[in-house]
1. Ignoring ligands, DNA and RNA, what percent of the accessible area of chain B is carbon or sulfur (1.4 Å)?
2. Name the residues of the stretch B:233-264 whose amide N is less than 16 Å from a point 7 angstrom out from the Cα of residue B:219 along the C-beta direction?
3. In percent, what relative contact order does chain B have, based on Cα pairs under 8 Å that are 6 or more apart in sequence?
4. Evaluate the charge dipole of the stretch B:151-253 about its Cα centre and quote only its size in Debye, nearest 20, assuming +1 on the Cβ of each Lys and Arg and -1 on the Cβ of each Asp and Glu.
5. On a straight-distance basis, which aspartates and glutamates could pair with residue B:246 in a cross-link, Cα separation under 19 angstrom, same-chain partners fewer than 8 positions away excluded?
6. Excluding residue B:242 itself, calculate the net charge of residues whose Cβ lies under 13 Å from the Cβ of residue B:242, where each Lys or Arg counts +1 and each Asp or Glu counts -1.
7. Taking chymotrypsin sites (Phe, Trp or Tyr not before Pro) as candidate sites, keep only those in a DSSP loop with at most 15 other Cβ atoms within 10 Å, then name the longest stretch of chain B containing none of them.
8. Can you give the extra length, in nm with one decimal, that the chain gains between residue A:163 and residue A:11 once fully stretched, where that is 0.36 nm per residue apart less the Cα-Cα distance?
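The values are calculated or read from the model by the stated rules, or taken from the named source; none is laboratory data. Keep in mind that what you see is a predicted model, and the values were worked out from it rather than measured. All Cβ positions, even for glycine, are placed from backbone atoms using ideal geometry, and neighbour counts span all protein chains on display. Each accessible area value is taken on the protein alone, full model and side chains, heavy atoms only, with ligands, DNA and RNA left out. Shrake-Rupley method; radii C 1.70, N 1.55, O 1.52, S 1.80 Å.
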Amino acid sequence: MNPFRGGWVVFLTLLLALPLSVTDFPFDTPGWVALLRPEWVLLAVFYWGVERPDRVPMIFVWFVGLVLDVLQGGPLGVNGLCLAAVVFVAWSYYERLRMYSRLQQAVVVFLLALGLGCAKGGAAALAQDTPMSVTLVVPAVMTMVWWPLVAELVQRCTRRVAWG
Amino acid sequence: MKGLFARESTAGYLLAGLATLSVLLAFVEANTRLLAPVRSVVGTVATPVYMVANVPTNVWDGGSWFVDVVSDRVGMREQITRLEKQVVELSAVSQQFLALREENNRLRELLGSSARVPGEKLIAELVAVVPDPQKHRVVIDKGAADGVAVGEAVIDTRGLFGQVVETARATSVVLLITDTTHAVPAEVVRNNIRVIAAGVGKSDVLELDPVPKSADIREGDLLNSSGLGGRFPQGYPVGTVTSVEKLRTAPYAQVEVKPAADLDRSRYVLVVSQPSAGQMQ
């Protein structure tokens, strides 16, 4: 039994989530379209953390978070910390989380994404004196809304993967 | 309940370790410049992500490669004619400009002030926009390998665009003049009143930092960069005054300015390195 078998699927999903998190919309799209963006990487990490906790190494996820920090131009370490915490939650409770319905899982996803939003807002408030505002809830809500869709889609696409 | 794998028992320690590391990183970055190379290296590794992320915009906008592949012969010929005409017009203007610059420098010599040395210019293309609506930052396709340095000014065809705040090998991050953390020293063209135009987080508004009510600033006034502060070269258009509000209850006049540059439209920008850039670090 190879512990790395099927790991490429996790890797590929994360690789797809990164550009989605920074996709630039054409200049004439209305401003609210940008608000529909969920925390793609968090969705991917949570999905695989629950589905395949043995294929999601925390240190690797932390580095992905580092890359995301650079891509999004935020303070280094914020995404890494929150994504590592997501992995921790998934590792600790994956048996229970698998039993949850997608909607129940969505609530957990919302709380995790809210934590990420607060961490980002807090870091920005400390580093650049930009006041925290309620707008940081928006990505968390969008992440929750996208969760059932994304989870079903990824599940259907990866049903035939050999995990070894 | 103990899990299937051994590392579950160590997960807490691992998380604690990574959390400490994250906080340390954030702290060091906030207080020193030690981590700039780390950011630069990670940025270089992550450059392809920007390229992929930018594909939808390219396709939609018909910008760059898509237009080259699909546009018809007639359209391209028209475009070439138009561009050729533009080149002729612009070179006529620039001939005059060279002569004027010479004359200006001679006059400055007579006045006893030093001549202005023009900076190097580098054309760059926007490859991505940082998605956070709170942050007005864009990524351009020229980096440290092309000679771009942190602090250099960026302009587009209409005016001042922003400044370089991070460089990776092949890309750099540009902070727009409308970002809440950005302010640019400017002067009113009509009467040389010095002001500071600060971003407020909207792509079409700058605000002038406290202007006394008695200051002679009117709607329609043009603002140019004043060159004070040493970061931006002198004489590039910053914007036009769109409203001046003098409330009896407020101690200062509220002046709003529309940026001259097409901040949310330009795809091509110029990075201007100034001979004296970096003095004000």
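1. Answer for chain B: carbon and sulfur cover 59 percent of the accessible area.
2. It comes to B:240-247, B:254-258, nothing else.
3. Numbers: 485 pairs, mean separation 44.9, N = 281.
So the answer I get is 16 percent.
4. Using only the charged Cβ atoms, the result is roughly 180 debye.
5. The qualifying aspartates and glutamates are B:207, B:209, B:216, B:219, B:221, B:256.
6. So the environment of residue B:242 carries a net charge of -3.
7. Numbers: sites that count: B:5, B:252.
Counting only loop sites that pass the neighbour cut-off, the longest clear stretch is B:6-251.
8. Length gained between residue A:163 and residue A:11: 53.4 nm.
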